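Scroll down for the structure; my scribbles are underneath it.
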Amino acid sequence: MTNERKSNFTWFLQFLLPPILVIAVLSLLGVGLMLAPAPETKPASQILPVVEVIEAQSSPITLETQSQGIVQSRTETLLVAEVSGRIQSISNAFFTGGYFKKGDPLVTIDSIDYEANLATAKGRLAEANLTYQQERALADQAREDWESLDRGEASELTLRKPQLERASALLESAKASVQMAQRDLDRTVVRAPYDGRIREKIADIGQMVAVRQSQLARIYSTDTAEIRLPISLKDIEYLQLPESYSNQAQSVEKPKVTISAQYGGETYSWEGVIDRTEGAIDSRTRLSYVVAKIEDPYKRESGSARPPLKVGLFVEASIEGKRIDNAFRIPRKALQENDTVFTIDQENRLEFKSVDVLKVDTEWAIIASGLENGDRICVTPLEYAVIGMQVKLDTGIEMVTLPDEQGEEAMR
């Protein structure tokens, strides 16, 4: 091959062949697209949000307010020795946590000195009584003698009135001494002032105690337990609390309260009443305080494993409030901003309803008005919602109403 032919062939490969190949490939692609079948077109599908609904049903509802507090005794006393001496004996119930009844002897102090004092006082009483009787007889005799002389009015000294008054005063003093000696002797036995329990034992047998100085024990009554409960000023409007007025008038009804506490991994409850409202509002917290009263907190119920309601136990309280004849209770998550509730109409479209909210807590909301029986309430949170938006009901979840077992709902 000559040099001229080689040069022409090289030029062909470099400059003419690439465009020819590109044109051929594009032609084949164009023919293929023209001969290919047209793609099947489908109508665009709309994705609807799936929501869960409940059916609104009105019912009588009793509002409740929650609070917390610590169990306290209604009466607590510090026992102090009223006479001096050595503790001779103690009761079998004289220990921390021991129970006792009113009048039970708790501590006995050595009484020998006080028995001697009583005997001495009785001896002085007998002497004073003898002196008084003698002076009384002498006074009677002096009056008779003076009257027989018929010399006019006699002086008090002649009739022995000052001597008789002195003897009478000594007799009264002797009687008082006997009473004091008897009282001191009685005080050598320290008796329980009421039914109660020992909170702290301080003294023990063999210990010397001094009058009005030595502490014996700290005790408290067991007939009634009290819990001081804080209530916000807003929650007060839901309650009917007992109040006292300056003219001695008082509201009669006392609302019920249920006390519950965790004890040994179990939850137990006690029933009581709100006994009174304290007279001042805490200036720092702006809270009002009420006092719940539980009768017989240490009594064991037949067939029950419930422990006693011990002093110092932290408890939760549910206070019964006002009763609303017709109201709706809905889950808290169903209540939207600006007191609005989303409902679903018969065409499964969103509607917005403004409602009158009575009370809201972490779980439930009480609606006084704005809803109707049978309304389907949306309880699924929606990131975007407009009036008339189409939704799809969650068919895997049935519509439910929320009455309690007695047919009356309670708002906590």
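The values are calculated or read from the model by the stated rules, or taken from the named source; none is laboratory data. On a predicted model such as this, the values are computed, not experimentally measured, just so you know. Heads up, the Cβs are rebuilt from the backbone with ideal geometry, glycines too, and the neighbour counts pull from every protein chain shown.
Anything in the range 192-243 that is small (Gly, Ala, Ser) and either in the same structural domain as residue 276 (by TED's automatic domain parsing) or surrounded by 13 or more Cβ atoms within 10 Å (Cβ to Cβ) (or both)? List them, or say none. So that I can check it myself, show each step before the final result.
First, pick out the residues of the range 192-243 that are small (Gly, Ala, Ser): 192, 196, 203, 206, 210, 214, 217, 221, 225, 232.
Within the range 192-243, 192, 196, 203, 214, 217, 221, 225, 232 meet the criteria.
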From the options 192, 203, 210, residue that is farther than 19 Å from residue 256 by Cβ and in contact with an Asp or Glu (Cβ under 8 Å, 6 or more places away or on another chain): 192
Qualifying residue in the range 71-78 (condition: closer than 17 Å to residue 210 by Cβ and within 29 Å of the chain's Cα centre (by Cα)): yes
Matching option when the condition is assigned to a helix (DSSP H, G or I), within 30 Å of residue 100 (Cα to Cα) and out of contact with any Asp or Glu (no Cβ under 7 Å at 6 or more places or on another chain), among 184, 145, 140: 184
Hits in the range 57-91 (condition: aliphatic (A, V, I, L, M) and part of a strand (DSSP E or B)): 61, 63, 70, 71, 78, 79, 80, 87, 90
Counted residues, the range 213-245 - those being in contact with an Asp or Glu (Cβ under 8 Å, 6 or more places away or on another chain), under 28 Å from residue 81 (Cα atoms) and not in a strand (DSSP E or B): 2
Test: residue in the range 279-291 that is surrounded by 16 or more Cβ atoms within 10 Å (Cβ to Cβ), closer than 24 Å to residue 195 by Cα and modelled with pLDDT of 90 or more: yes
Condition check for residue 200: closer than 28 Å to residue 300 by Cβ and more than 17 Å from the chain's Cα centre (by Cα): yes
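Given the options 128, 121, 142, name the one that is out of contact with any helix residue (DSSP H, G or I) (no Cβ under 7 Å at 6 or more places or on another chain) and either of a type in the set (A, V, I, L, M) or under 30 Å from residue 83 (Cβ atoms) (or both). Write out each step before concluding.
Details: 128 fails: out of contact with any helix residue (DSSP H, G or I) (no Cβ under 7 Å at 6 or more places or on another chain); 121 fails: out of contact with any helix residue (DSSP H, G or I) (no Cβ under 7 Å at 6 or more places or on another chain).
None of the others qualify; the one that does is 142.
Where residues in the range 148-170 are among the polar types (S, T, N, Q) and outside any helix (DSSP H, G or I), which of them is surrounded by the most Cβ atoms within 10 Å (Cβ to Cβ)? Can you show your working first?
Going through the range 148-170, the residues among the polar types (S, T, N, Q) turn out to be 148, 155, 158, 163, 168.
Narrowing the set further to residues that are outside any helix (DSSP H, G or I) leaves 155, 158.
Values: 155: 8, 158: 13.
Among those residues, the one meeting the criterion is 158.
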